[in-house]
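One structure is given here, and the rest of the page talks about it.
The values are calculated or read from the model by the stated rules, or taken from the named source; none is laboratory data. Please read these numbers as outputs of a predicted model, since none were measured by experiment. We place every Cβ from the backbone using ideal geometry, glycine too, and count neighbours over all the protein chains shown.
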Amino acid sequence: GIEPKWWKEVVFYQIYPRSFMDSNGDGIGDLKGIISKLDYLKELGVDAIWLSPIYDSPNDDNGYDIRDYYAIMGEFGTMEDFDRLLEEVHNRGMKLIMDLVVNHTSDEHPWFQEAIKNPGSKYKEYYLFQKSKDKNPPNNWTSFFSGPAWNYYKELDEWALHLFSKKQMDLNWDNENVRKDIQQMISWWLSKGVDGFRLDVINYISKREGLPWGNKTVGELMGYYGIENYYYGPNLHKYLKEIRSEAFEPFKAFSVGETPGVGMEMSKLLTADYRQELDMVFSFDHLETPGHVRFNDYEYDLNYLKEYFIHWMEDYGDACWMSLFYENHDNPRMISKVNKNPAYRKPLAKLLAMIQLTLKGTPFIFQGQEIGSVNKAFQSATDLRDVESINLYKELIEKSSAEDAFREVLSGSRDHARTPMQWSDKKNAGFTEGIPWIVTDEDYKQWNVEKQLENEDSVLNFYRQLIQFRKEHKALIYGSFEAVNKKRKDSFTYYRRGEKEEFYVECNLSSNTIKRNTLASGYELILSNYSEPAKDLRPYEANLYKV
Ligand code: ISL
Ligand code: CA
C-alpha cells in the first residue's frame, strides 16, 4: 500500500518572489508582498508554498546565483520579514519550502572570492578548477546559458567550471568540507521551521572523475556538451543519502529534487521511500513533445502528456510518488504551447486544471496558472530580462536576422513565466505602484485575479472548486488510477478508485468535437468546464463524475 504523508495530500503553489507582489513601489516583488497575499492563497486552497530563491544574490540568474546562503536578498526584505512570512504561513496551517541551490554558488560568494584571492586556502578545493594544456578550456563542456562551461582566471592561470551562467560556479561535491557546510546551512534553515526544500538541478552535483571530454554525438543531439558526465554522476546516491540522513532526517523535512533528464528508472532510484534519498522529483520529459526543444515554435500534443502520465502512474510503483506540473519559472505557459487560439483559452485552462488535480500525485501550480495565464507579447529584445534568453539572442543574431532570432527566443523564453502576477486591471496589473522590473502586456486588463474572484465561471474558481473537492475526497489522492480506452486518440478517460468512493474523469484533448465513451448510467456530474450538458465532447471538454 501507499504510506500516507502530508506532502502527498497537499496542493503546492510556486511563488517566483520577484514577480509576485511588490509592497514598496520599487517595482520588485518582495516578502511583505507575499505576506499580503497569503489569504488569497489560503482561499484558493493551497496548502504548501515553494518559494523560488530569496537569498542574497547579485541576481545574474534572479537568485539562482547565491552570494550568501544565510541572508535575505535586500530587494526582497530582511530576515525579520522572512521570519514573519514563515510564521504567517504556519498560522494559516500551510507549509513553506525553500529553494536549495547547491550545485553552484555565485562567483561573488566569499568561498569563491577566497578561492581566487588565496589559492592556498581550502576554498580553492570548493570549486572545480583545472589547468589547461593550451589557450582553450580544459574540456569541451558547454554551458546551458551559451558558450563554454569554463571561465579563465588569469591570476591563477586556471579555469573554473560553470554549467550555468558565468557567475554561477559549480561546487566540488567530492570535497567533504563543501558537503559539511551545505548540511549545516540546510539544518540552519530547517531549525527555523522551514518544512523542506526544492533542490535545484540536484542530479548534476556529482561529476565524473577527471571531468572527461563530452561525447560528440550526445552533445550534438542534446545541444549541450558534457551532460553524460554529470547528469547522473557516480556519487549522486551517496551524496543524497548523506544530506538526507545528516540534514533532512533530524527535522523530518520534505525534499523534491529538480532532476532534468533522469527518466523513470533513475527517478525510482532517487525517490523510492526505502532508499532514503529524495521524497519526490520533478521530471521534465513531458514538457515538450518528442522531437522538440523548448525554443521550437510548435503545437504541443496533449496526447503525449496523457501517455506520459499514464505510463508514470502505472509503473512508478507504491514506494514512489510523482509530482504533477506543467509550468514553473523556467518554462513558457502551457496554454500557449497547446493552443494559442484565444477562443479556447478558458476551456483549455480548465481542462489542464482538471487533469492536474484529479491524477495521482502531488500537484504544483505555478503562480498565474490559476487564472489561465498565457505567454507575453514582448515587443523587442530589450524587453528580455533572463540571462538565458539574452545570451541565446546574442548567439542567434550572429547567424540569423534580428527578427528570426527574437522569434526563436520568444518561443521558449523563461521570461513568459516571470512577468508580474496579474492581480487586477489597475496600473501594472496591481503588482506595483512603481515601474516593474520586467514589462508586461495588456492581457491583465481582462485576465486578472480580481475579476476572476467575482466571476463564478472563472478559471480561478474552477481551480478553487477542484482543489476543495480533491481535499474532501481521499480517493482523488490515494485512490487507484485506471485509464479507460487508453489508446483512443484525443480522449483521456480514467477512474480514481478509493475505498469508499469512485470518480470518473472524461477529457477531450483536442479542439475538435469528439464522441464520448459510453457512460454507465447513474454517474453524477460534479464539475465541468461547459455549463450545459451535450451529447458529444466539445473542444477541450473536461468532466468529473462521481460513480
Ligand atoms: O537542463 C537544462 C537544459 O536542458 C535546463 O533546463 C536546466 O536544467 C534548468 O534550467 C535548471 O533550472 C534550475 O537551475 C538553473 C536556474 O537558472 C533555473 O531557474 C532553475 O530552475 C540554475 O540554477
Ligand atoms: Ca519591492
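Please tell me if Q446 is more than 16 Å from ligand 2 (Cβ to nearest atom) and in contact (Cβ under 8 Å) with a residue 40 or more places away in the chain.
It is false that Q446 is more than 16 Å from ligand 2 (Cβ to nearest atom) and in contact (Cβ under 8 Å) with a residue 40 or more places away in the chain.
May I ask you to list pairs of residues, at least six apart or on different chains, whose Cβ atoms are under 7 Å apart, with the first in the range 27-39 being more than 12 Å from F431 (Cβ to Cβ) and the second being part of a helix (DSSP H, G or I) and near ligand 2 (Cβ under 8 Å from one of its atoms)?
Listed by first residue and then by second, the contacts come to L31/F76.
How many residues are within 15 Å of ligand 1 (Cβ to nearest atom) and basic (K, R) when one looks only at the range 192-206?
Number of matching residues: 1.
For the range 54-107, how many residues meet the condition of being part of a loop (DSSP other than H, G, I, E, B), among the polar types (S, T, N, Q) and closer than 16 Å to Q168 by Cβ?
4
Go over the candidates D65, D61, D81, D30 one by one and state the one that is more than 16 Å from ligand 2 (Cβ to nearest atom), touching a helix residue (DSSP H, G or I) at 6+ places or on another chain (Cβ under 6 Å) and charged (D, E, K, R).
D61
Wholly within the range 436-545, which strands (runs of 3 or more DSSP E) include no fewer than the required count, namely at least 3 residues that are closer than 30 Å to D383 by Cα and out of contact with any Phe, Trp or Tyr (no Cβ under 6 Å at 6 or more places or on another chain)?
So the answer is none; nothing clears 3.
I need a count of the residues in the range 363-388 that are surrounded by 24 or more Cβ atoms within 10 Å (Cβ to Cβ), outside any loop (DSSP other than H, G, I, E, B) and polar (S, T, N, Q).
Final tally of qualifying residues: 1.
Every residue in the range 268-302 that is hydroxyl-bearing (S, T, Y), over 30 Å from N235 (Cα atoms) and surrounded by 17 or more Cβ atoms within 10 Å (Cβ to Cβ), please.
Those that are hydroxyl-bearing (S, T, Y), over 30 Å from N235 (Cα atoms) and surrounded by 17 or more Cβ atoms within 10 Å (Cβ to Cβ): T289, Y300.
Could you run through the range 194-225 and say how many residues are of a type outside the set (K, R), crowded, with 16+ Cβ neighbours inside 10 Å and in a loop (DSSP other than H, G, I, E, B)?
Adding up the residues that qualify gives 11.
Cβ-Cβ distance below 6 Å, separation of 6 or more or different chains: which pairs start in the range 76-92 with a residue that is under 16 Å from W188 (Cβ atoms) and end on one that is part of a loop (DSSP other than H, G, I, E, B) and at pLDDT 95 or above?
L86/G193
Looking only at the range 389-437, filter to residues that are under 22 Å from L453 (Cβ atoms) and of a type in the set (S, T, Y); which one of those is surrounded by the fewest Cβ atoms within 10 Å (Cβ to Cβ)?
Top of the filtered list is S424.
Report every pair of residues separated by at least 6 positions or lying on different chains whose Cβ atoms are under 8 Å apart, first residue within the range 520-534 and in contact (Cβ under 8 Å) with a residue 12 or more places away in the chain, second of a type in the set (S, T, Y) and not in a loop (DSSP other than H, G, I, E, B).
Y523/Y504; Y523/Y545; E524/Y545; L525/Y545; I526/Y545
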